[in-house]
Amino acid sequence: MAFTQKSRGRGLRGALLVSMCLCSLWSLTSRTFTHTEEVTEDASGLVKLVGGHPLIFTFLSMALCGALCYTESSTTAKLDFDKRDYFTFHLIQNILCFASGLINALCIFDMGMTVSHQSGNTSHTGRLIMNGGAAFGHLLLAFCFGSFFAGYSKADTELIYSGRYSPNLLASALAVVAGCMVHYCKEHGGDGNNNTSECLLLFAFSQGIQNGITRRCQTLPICTTHFTGYLTDVGTLLGWCARDGVTGEKFLKAMLFAAGIFFFGLGGVAAKELHESFSLQAALIAAALMAAVAGGLIPVTKSKTG
């Protein structure tokens, strides 16, 4: 009975956040479609408040998300690869890869910045260290700060693979929602958005939390926000299989990594199709997907424990 009540509560939390993301997307899209009719209308007080003080709102949002991360108190024993449900492993990874690819590509389209993978930002920070490199360095710090919370709260990555409530992933989704809010408020009640917009900090922070969760997988390190390592793993594992004629666990791992790369790219395709109509608010779709995984709303098959 207690388990049923917990499951219902978890599902209700996730469903409410998914609904909030979709309603926000609909509301903001309606405003976009009627923009020409509302051009003389003043922005609301909340829009002006957030748009006028975006950095304060960003730091407050990070603090709240960090506090939510800290509510997690779950530890799951290590599972070997052969005891996992392979389809579930694929499904959850690919949803998060798609969400990350969507967010990252939207930021590229809208502000010319990447928030999920940080190799390029590191290079840009170095080459522009005395001439604008701080904008890239800030994203590195925001991403690391998000990962810090995932580590400090000892994020249990098995929660997302077993259909249980994950406070860390929910915090990551909320950071995306907050980033969309900052972007919208700056666009309609502030100075607009460019490659130094505070919303980028929230998106990078969100991606840091998400990857901090998945990288803690004890079976093998799962990355959902950047894929240089995955490309290396796919190449080496397939090379190993080709040399030794192995088509077992190594081949399955190679296909898992390849699928993550594909779905991250698919998120970029979706961003291209959505950005013109929804602007950066299309990231709310990614937030809804992340919230659905965080709330245990995605049907999964439990892994073997014995």
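The values are calculated or read from the model by the stated rules, or taken from the named source; none is laboratory data. Quick caveat, the model's predicted, so the values are computed rather than measured. Here the Cβ positions follow ideal geometry from the backbone for every residue, glycine too, while neighbour counts run over all protein chains shown. Please note that ligands, DNA and RNA were not included when accessible areas were found on the heavy atoms of the full protein model with its side chains. Shrake-Rupley method; radii C 1.70, N 1.55, O 1.52, S 1.80 Å.
Is it true that residue 168 is within 13 Å of the chain's Cα centre (by Cα), within 20 Å of residue 107 (Cα to Cα) and open to solvent by less than 20 Å² (accessible area, probe 1.4 Å)?
No: the conditions fail for residue 168.
So that you can scan it fast, the table gives a plain yes or no per residue for (1) of a type in the set (A, V, I, L, M); (2) open to solvent by 60 Å² or more (accessible area, probe 1.4 Å); (3) assigned to a helix (DSSP H, G or I); (4) closer than 29 Å to residue 58 by Cα:
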position: 197; (1), (2), (3), (4): no, no, no, yes
position: 205; (1), (2), (3), (4): no, no, yes, yes
position: 212; (1), (2), (3), (4): no, no, yes, yes
position: 220; (1), (2), (3), (4): yes, no, no, no
position: 238; (1), (2), (3), (4): yes, yes, yes, no
position: 241; (1), (2), (3), (4): no, no, yes, no
position: 252; (1), (2), (3), (4): yes, yes, yes, no
position: 256; (1), (2), (3), (4): yes, no, yes, no
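Mind checking which helices (runs of 4 or more DSSP H) fall wholly inside the stretch 59-174 and carry at least 1 residues that are in contact with a Cys (Cβ under 7 Å, 6 or more places away or on another chain) and of a type in the set (A, V, I, L, M)?
Details: elements: 86-111, 119-127, 134-152, 158-161.
Correct list: 134-152.
Out of all the residues in the stretch 126-165, which are open to solvent by 50 Å² or more (accessible area, probe 1.4 Å), of a type in the set (Phe, Trp, Tyr) and closer than 12 Å to residue 72 by Cβ?
Result: 152, 165.
In the stretch 95-113, how many residues are farther than 17 Å from residue 274 by Cβ and open to solvent by 30 Å² or more (accessible area, probe 1.4 Å)?
Residues that pass the stated criteria total 1.
Does residue 92 meet the test of being β-branched (Val, Ile, Thr), open to solvent by less than 40 Å² (accessible area, probe 1.4 Å) and closer than 21 Å to residue 228 by Cα?
On the way: β-branched (Val, Ile, Thr): yes; open to solvent by less than 40 Å² (accessible area, probe 1.4 Å): yes; closer than 21 Å to residue 228 by Cα: yes.
So residue 92 passes the test.
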